[in-house]
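Chemist: Got a structure for you, questions after.
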Amino acid sequence: MLPFPPISLPSMTKGTTSEVTASPTMGNCFGLPTTDLETKFLPVESSFFKLPSPLPSWPSGGGFAKGIIDLGGLEVCQVSTFTKVWATHEGGQDDSGATFFLPSPIPTGFSLLGCYAQPNNRPLFGCVLVGRDTSNEGTLAKPVDYTLLWSSESSNIKQDGNGYFWLPTPPEGYKAVGLIVTNSSEKPSPDDIRCVRLDLTDACENDESIWNNDGFGVNGLRPANRGIQALGVRLGTFIAQANGSPGSSTIACLKNNDCNINYSMPNLSQIQAMMQAYSPWIYFHPDEEFLPSSVSWFFDNGALLYEKGNPSPAPITSNGSNLPQGGSNDGAYWIDLPVDDREKDKVKKGDIPSSKVYLHVKPMLGATFTDVAIWIFYPFNGPAKAKVGPFNLSLGRIGEHVGDWEHVTLRVSNFSGELWRVYFSEHSAGTWVEASQLEFEGGNKPVVYSSLHGHANYSKAGLVLEGNSGSGIGIRNDTAKGKNRIDSGERFEVVGAEYLGSVVTEPPWLNYEREWGPKITYDIGKEINRVARLLPGRLKTALKKVVERLPDEVLGEEGPTGPKEKSNWYMDER
């Protein structure tokens, strides 16, 4: 047996372990530990995170939020209660160290597949999968030996006892999917963990850095291939690598080989309940003048379809039924604002009362999670502003374009229905933020801050400089709570959910593959010179270099393509 005798919390005595307890919740999944402690860098096992409000009672149907998912003869369950094994208190993120855990208790009949770890600069929040063979065809097997990858015995770091990292040696035809960490130099027993049959494994790659010190690093793992048709399953385990030791190729992720892979995905009523529970509140800056609208409002208020070589633009029907379908973004068609200046100014400002968000619901990580991409449409993207040392400048037409599609993605566990992470789109990139790091209002609704004019999404209010290289020069992304906000759960439309088949009908505008605004080119250098003419030459040159490195959508006046043309429609977020 593993040498992890649990003792009661709190205990930070050197060389001991601590049991982290919580009450079970839905199905066979175990609930997250709870506490009111939020002090930064407390021992991570004494600072637990839970969502502000209880999970809803999900509408019935299918295998969503039932606690167990069958991967094809191998059933897996999330465990999110842990026994502390070893901790270090320096190195890694914010020099806060990391803590390593054994999932505990493991439900009867299930086996350990790997340990869990996380940095100490956040509350304890995570899970690891455990598995059981339901096929009697040997989906799991004991390791034949272990390799000691690293121990902390000779490390001059603040730590609780010593930690030992063991890589299971799988029998032929099997793969290890996680490591064991012990606080004893004694080699673990073969009974302590299971390896997985090769056909139920998939290639993985390093994810977030969890901890590193003196040539030894620990990283989370994720499937190398991720998308709506990818089968790789994230376990919540990690890889450890010392100088010269094997990397993530020695460890695999799981693979969902079940013939009914989407059985665990939510049905339409469960999607609606999910939005009522987790719909983000999107706040706009107090000075924001270019607000969102619905697509139909944009069309109904004079948006025009242009065709190359045709001087007479056409009005667009409310649902976009007369937009060209399919094809490619070949420049043959584009959308523009009304011709009349008064109507043009009206449409630019959007219309909060009509605004709605558009959902694309998709399986992710082998259908063990549901991603709900929440798309927001803005008729107009305003001009960019720059910070250049002590100066703040409006960049004139730089950054302006007709049509602006931004999105926020909820990642929800199909084991429990719990919100796990949120992705914030930020122009041509974005950031995943786990639930423990979010701001919530109205229960379990994440707060989203839309940046002034550019509409990039952030999890916290304040200033983010894009293109900033530490010089204090960059494009400003200002966010704050203004009087305008939307609860995305009040008005939404599911426009895409391929796994539901004919249950969801895609609106015609979704399959318009051209740009939602005209392309207008101009000399960036001249534009910068015009707006920065009062800057000292050195700062003007520095600003020009920063601006020229920015994505085209920030630089030029060119409308974006629609949601279905983005890579993340079929793949994972970038």
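Chemist: Please return the ranges of strands (runs of 3 or more DSSP E) entirely within segment 231-337 where 1 or more residues are touching a residue at least 60 places away in the same chain (Cβ under 8 Å) and within 22 Å of PRO507 (Cα to Cα).
Modeler: It comes to 304-307, 333-336.
Chemist: Is it true that GLY467 is under 30 Å from PRO390 (Cβ atoms), surrounded by fewer than 22 Cβ atoms within 10 Å (Cβ to Cβ) and of a type in the set (Gly, Ala, Ser)?
Modeler: Taking the combined requirement at face value, the residue satisfies it.
Chemist: A further question on this structure: Before we move on, is THR409 at pLDDT 95 or above, within 30 Å of GLU513 (Cα to Cα) and open to solvent by 20 Å² or more (accessible area, probe 1.4 Å)?
Modeler: no
Chemist: May I pose another question? When you go through ASN183, ASN257 one by one, which is the residue that is touching a Phe, Trp or Tyr at 6+ places or on another chain (Cβ under 6 Å), open to solvent by 20 Å² or more (accessible area, probe 1.4 Å), modelled with pLDDT of 95 or more and polar (S, T, N, Q)?
Modeler: Residue meeting the stated conditions: ASN183.
Chemist: For segment 345-364, give me each residue that is open to solvent by 10 Å² or more (accessible area, probe 1.4 Å) and either within 15 Å of GLY382 (Cα to Cα) or charged (D, E, K, R) (or both).
Modeler: ASP345, LYS346, LYS348, LYS349, GLY350, ASP351, LYS356
Chemist: Regarding PRO315, is this residue open to solvent by 10 Å² or more (accessible area, probe 1.4 Å) and not assigned by the TED database to the domain that holds LEU140?
Modeler: yes
Chemist: Of the residues that sit in segment 260-285 and are hydrophobic (A, V, I, L, M, F, W, C) and under 20 Å from the mean Cα position of the chain (by Cα), which one is surrounded by the fewest Cβ atoms within 10 Å (Cβ to Cβ)?
Modeler: Among them, the one singled out is TRP281.
Chemist: Same structure, new question: Which ones in segment 359-384 are in contact with a helix residue (DSSP H, G or I) (Cβ under 7 Å, 6 or more places away or on another chain) and over 19 Å from GLU418 (Cβ atoms)?
Modeler: Correct list: HIS360, TRP375, PHE377, PRO379, PHE380, ALA384.
Chemist: Does any residue of segment 66-74 turn out to be modelled with pLDDT of 95 or more, outside any loop (DSSP other than H, G, I, E, B) and under 22 Å from the mean Cα position of the chain (by Cα)? Write out each step before concluding.
Modeler: Quick first cut of segment 66-74, residues modelled with pLDDT of 95 or more only: 66-74.
Keeping just the survivors that are outside any loop (DSSP other than H, G, I, E, B) gives 68-70, 74.
Now drop any that are not under 22 Å from the mean Cα position of the chain (by Cα), which leaves 69.
Checked segment 66-74: at least one residue is modelled with pLDDT of 95 or more, outside any loop (DSSP other than H, G, I, E, B) and under 22 Å from the mean Cα position of the chain (by Cα).
Chemist: Still on this model: Among the residues of segment 479-489, how many are within 27 Å of LEU337 (Cα to Cα), out of contact with any Phe, Trp or Tyr (no Cβ under 7 Å at 6 or more places or on another chain) and outside any strand (DSSP E or B)?
Modeler: Selection size over segment 479-489: 2.
Chemist: Let me ask something else. Filter segment 325-343 down to the residues that are in contact with a strand residue (DSSP E or B) (Cβ under 9 Å, 6 or more places away or on another chain) and open to solvent by 50 Å² or more (accessible area, probe 1.4 Å) and list them by number.
Modeler: Answer for segment 325-343, where residues must be in contact with a strand residue (DSSP E or B) (Cβ under 9 Å, 6 or more places away or on another chain) and open to solvent by 50 Å² or more (accessible area, probe 1.4 Å): GLN325, GLY327, ASN329, TYR333, TRP334, VAL339.
Chemist: Assuming PRO292 fulfils every condition listed in (1) surrounded by fewer than 20 Cβ atoms within 10 Å (Cβ to Cβ); (2) out of contact with any Leu (no Cβ under 7 Å at 6 or more places or on another chain); (3) assigned by the TED database to the domain that holds SER459 apart from one, which condition is it?
Modeler: (1)
Chemist: Also, I was wondering about something else. Given the condition buried (at least 19 other Cβ atoms within 10 Å of the Cβ) and on the phi > 0 side of the Ramachandran plot, answer yes or no: does some residue in segment 191-206 qualify?
Modeler: No, segment 191-206 has no match at all.
Chemist: Are any residues in segment 44-63 touching a strand residue (DSSP E or B) at 6+ places or on another chain (Cβ under 8 Å) and open to solvent by less than 40 Å² (accessible area, probe 1.4 Å), and if so, which ones?
Modeler: VAL44, GLU45, SER47, PHE48, PHE49, LEU51, GLY63
Chemist: Something else: Inside segment 150-199, can you point out the residues that are within 30 Å of GLY73 (Cα to Cα), assigned to a loop (DSSP other than H, G, I, E, B) and out of contact with any strand residue (DSSP E or B) (no Cβ under 7 Å at 6 or more places or on another chain)?
Modeler: GLU172, GLY178, SER189
Chemist: Give PRO107, PRO103 a once-over and let me know the one that is at pLDDT 95 or above and buried (at least 23 other Cβ atoms within 10 Å of the Cβ). Quick ask: steps written out before the conclusion?
Modeler: Values: PRO107 fails: buried (at least 23 other Cβ atoms within 10 Å of the Cβ).
Answer to the selection: PRO103.
Chemist: For segment 89-128, which positions are over 16 Å from ARG234 (Cα atoms), part of a loop (DSSP other than H, G, I, E, B) and hydrophobic (A, V, I, L, M, F, W, C)?
Modeler: Passing the criteria: ILE106, PHE110.
Chemist: Here are GLU498, GLU527: which of them is buried (at least 16 other Cβ atoms within 10 Å of the Cβ) and modelled with pLDDT under 95?
Modeler: Unique residue meeting the criteria: GLU527.
Chemist: It is to be established whether one or more residues within segment 436-446 are out of contact with any Ser or Thr (no Cβ under 9 Å at 6 or more places or on another chain) and either polar (S, T, N, Q) or surrounded by fewer than 20 Cβ atoms within 10 Å (Cβ to Cβ) (or both).
Modeler: Yes, segment 436-446 contains a residue that is out of contact with any Ser or Thr (no Cβ under 9 Å at 6 or more places or on another chain) and either polar (S, T, N, Q) or surrounded by fewer than 20 Cβ atoms within 10 Å (Cβ to Cβ) (or both).
Chemist: Looking only at segment 395-406, filter to residues that are in contact with an Asp or Glu (Cβ under 7 Å, 6 or more places away or on another chain) and closer than 24 Å to LYS566 by Cβ; which one of those is surrounded by the fewest Cβ atoms within 10 Å (Cβ to Cβ)?
Modeler: Among them, the one singled out is GLU400.
Chemist: Out of the residues in segment 211-222 meeting the condition of being among the small types (Gly, Ala, Ser) and crowded, with 18+ Cβ neighbours inside 10 Å, tell me which one is nearest to ARG132 (Cα to Cα).
Modeler: The residue in question is GLY220.
Chemist: Among VAL547, VAL494, VAL464, which is part of a helix (DSSP H, G or I) and on the phi < 0 side of the Ramachandran plot?
Modeler: Just one listed residue meets the conditions, VAL547.
Chemist: Taking TRP375 and the conditions (1) in contact with a His (Cβ under 8 Å, 6 or more places away or on another chain); (2) under 30 Å from LEU129 (Cα atoms); (3) among the aromatic types (Phe, Trp, Tyr), which numbered condition does it fall short on, given that it satisfies the others?
Modeler: With respect to (1) in contact with a His (Cβ under 8 Å, 6 or more places away or on another chain); (2) under 30 Å from LEU129 (Cα atoms); (3) among the aromatic types (Phe, Trp, Tyr), TRP375 is out only on (2).
Chemist: For segment 223-240, check the following and say yes or no: at least one residue is farther than 23 Å from GLU434 by Cα, crowded, with 16+ Cβ neighbours inside 10 Å and at pLDDT below 95.
Modeler: Within segment 223-240, not a single residue is farther than 23 Å from GLU434 by Cα, crowded, with 16+ Cβ neighbours inside 10 Å and at pLDDT below 95.
Chemist: Right, next: Which condition number in (1) touching a residue at least 24 places away in the same chain (Cβ under 8 Å); (2) closer than 25 Å to ILE68 by Cα is the one that GLY454 fails?
Modeler: (2)
Chemist: Please indicate, with yes or no, whether at least one residue in segment 428-439 is at pLDDT 95 or above and more than 23 Å from ASP572 (Cα to Cα).
Modeler: Yes, segment 428-439 has at least one match.
The values are calculated or read from the model by the stated rules, or taken from the named source; none is laboratory data. Quick caveat: nothing in here was measured; it's all calculated off a predicted structure. Positions of Cβ are generated from backbone atoms using ideal geometry, with glycine treated the same way; all protein chains shown enter the neighbour counts. Quick note on the areas: whole protein, heavy atoms, side chains included, nothing else; ligands and nucleic acids left out. Shrake-Rupley method; radii C 1.70, N 1.55, O 1.52, S 1.80 Å.
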